[in-house]
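The block underneath contains the structure these notes are about, expressed in structure tokens.
The values are calculated or read from the model by the stated rules, or taken from the named source; none is laboratory data. On a predicted model such as this, the values are computed, not experimentally measured, just so you know. In this analysis, Cβ positions are derived from the backbone assuming ideal geometry, glycine residues included, and neighbour counts consider all displayed protein chains. Ligands, DNA and RNA are stripped out before the accessible areas are found, and what is left, the full protein with its side chains, is counted by its heavy atoms. Shrake-Rupley method; radii C 1.70, N 1.55, O 1.52, S 1.80 Å.
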Amino acid sequence: MEREALTIRFPADLLVKAKKIKEGSESLNDLVVEALEREVSRRRRWAAHQRIIDRSEIVKAKTGIQPASTDLIRSLREDEGRRD
């Protein structure tokens with residue numbers, strides 16, 4: 001992965017904590033890159049989750065609340081009403 005230089009100013013107490021938790025040969029840069037990758041991934045997952053919720057609300061507004069399918073699934077598992 002190509003890297004680009006960037007200057008970041010951390011709060012002093014956070015920098016002290018980061019230096020304490022990094023592993024022996026791990027660089028502070030690697031620690032920050034890994035943390036940023038996790039945060040970017042988390043935010044993407046959260047955005048996808050929000051899109052699912054929004055779409056669910058749109059469907060619910062158009063079709064109303066759908067009945068639970070638990071009973072149907074249970075009966076199919078018990079071979080009731082199967083057409084094999």
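Going by average Cβ neighbours within 10 Å, how do the peptides 27-38, 7-18 rank, with the highest at the top? Don't skip to the end; give the middle numbers.
Values: 27-38: 11.8, 7-18: 9.2.
Descending mean neighbour count gives 27-38, 7-18.
Quick check on the stretch 1-41: what does the Kirkwood estimate of hydrodynamic radius come out to from the alpha carbon pairs, in Å?
On the way: mean 1/r = 0.0879 Å⁻¹.
For the stretch 1-41, the Kirkwood estimate is 11.4 Å.
At a probe radius of 1.4 Å, what is the per-residue accessible area of Glu57, in Å² to the nearest 10?
90 Å²
Where does each of Lys19, Lys62 land when they are ordered by accessible area, with a 1.4 Å probe and the largest first?
Solvent-accessible surface, decreasing: Lys62, Lys19.
With the other protein chains left in place, how much accessible area per residue, in square angstrom, belongs to the chain at a 1.4 angstrom probe?
99 Å²
Keeping all protein chains in the complex and leaving out DNA, RNA and ligands, what accessible area do you get for Asp71 with a 1.4 Å probe, in Å² to the nearest 10?
110 Å²
As an exercise, use a Förster radius of 35 Å and the Cβ-Cβ distance of Ser56 and Ala35 to find the FRET efficiency, rounded to the nearest 0.05.
On the way: r = 32 Å, r/R0 = 0.90.
My answer for the efficiency is 0.65.
Report, to the nearest whole %, how much of the accessible area of the chain belongs to carbon and sulfur atoms, 1.4 Å probe, protein only.
Values: 4500 of 8290 Å².
Looking at the chain in its full context, I get 54 percent from C and S.
What would the Debye formula give as log10 I(q)/I(0) at q = 0.23 Å⁻¹ for the alpha-carbon point model of the chain, no solvent?
At q = 0.23 Å⁻¹ the computed log10 ratios are -1.14.
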